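Derivation of every value follows stated rules applied to the coordinates shown; laboratory data play no part. This one's a predicted model, so the numbers in the text were calculated from it and none came from an experiment. A quick note on method: Cβ atoms are made from the backbone with ideal geometry, for glycine too, and the neighbour counts reach across all protein chains shown.
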Amino acid sequence: MQMADLGGLRLHYRIDGPEDGAPLVFANSLGTDFRLWDKIVPQLPDGLRILRFDKRGHGLSDCPPGPYSMGALVTDTERLMDQLGFRDALFVGLSIGGMIAQGLAAKRPDLIRAMVLSNTGAKIATREIWGDRIAAVHQGGIEAIADATMSRWFSDGFRQTDEFPAWRHMLTRTPQEGYVGCSEAIAGTDFITPTSGLRLPTLGIAGSEDGSTPPDLVRETVDLIPGSRFHLIRGAGHLPCVEKPEDYARALNEFIEAQGHV
């Protein structure tokens, strides 16, 4: 178990692959920890040095008092990559992780050479929607929003599987302060202008059944970046890397190969 001390904040992380491997960084979604990528990592090409981490308020990382800002989440990631020697990386971000990717690419282009914006947007929902969700959590805990969240995260079919309850547990066991803090960060973020100024290879991935970041939102976001690509995974919700890992890994590996990143 590895913890990085970023000066007042400790983040839980894991590195897989050779020390001299091509750097690849994963950033996961709201209400999940870095196990989100467990089905993907074994399917990636050899020769990658893979960094996964729990953002603040999630998993085994510290949970400081909120509210959080997107700038703070971007800075956390920047400091972690600097400390661990991850530069010129291919960065894969899902949902809030994709927002972190956009902010980091604009702030520190030396850290990211190419990125995958998965099930995300330059702006996700409205302040009012997030305000209602935060109020519900304050009143009834994460359990109060769990069923509605699961309907956005996963297709009807996946919610009937034996694996599904574990993902619901992952959400409900997220620290409430961390969930609310990151929700406030999303609510206050509009990256349309900075993302439209980015010039780096970008792949957008969407799930056809995604109720949180519908395919049109993902497509509109990556279309802000000239030369970007878009890939739709059918039959998957907000977490296609969980529901359709083979399809997800195939799209990611094709992008990695196209960048000559191995």
Note to self: With 10 angstrom as the radius, rank Arg159, Arg10 by how many other C-beta atoms surround their C-beta, starting from the fewest.
What the structure shows: Arg10, Arg159
Check: Where Lys and Arg each count +1 and Asp and Glu each count -1, what net charge lies around Phe158 among other residues with Cβ under 11 Å from its Cβ?
Finding: -3
Next item on the list: Within the set of other residues whose C-beta is less than 14 Å from the C-beta of Ile225, count the net charge using Lys and Arg as +1 and Asp and Glu as -1.
Entry: +2
Next item on the list: For the chain, just say rounded, prolate or oblate: build the C-alpha gyration tensor, square-root its eigenvalues into a ≥ b ≥ c, call rounded for a/c under 1.5, and beyond that prolate if a/b exceeds b/c, oblate if not.
Entry: rounded
Item checked: Net charge contributed by nearby residues that have their C-beta within less than 11 Å of Thr149 (K/R +1, D/E -1) -> +1
Checklist line | Test item: Cα-centred dipole of segment 171-242, Lys/Arg +1 and Asp/Glu -1 on Cβ, debye | finding: 300
Next item on the list: For Asp5 and Arg108, compute 0.36 nm times the residue count separating them, minus their Cα-Cα distance, and round to one decimal in nm.
Entry: 35.0 nm
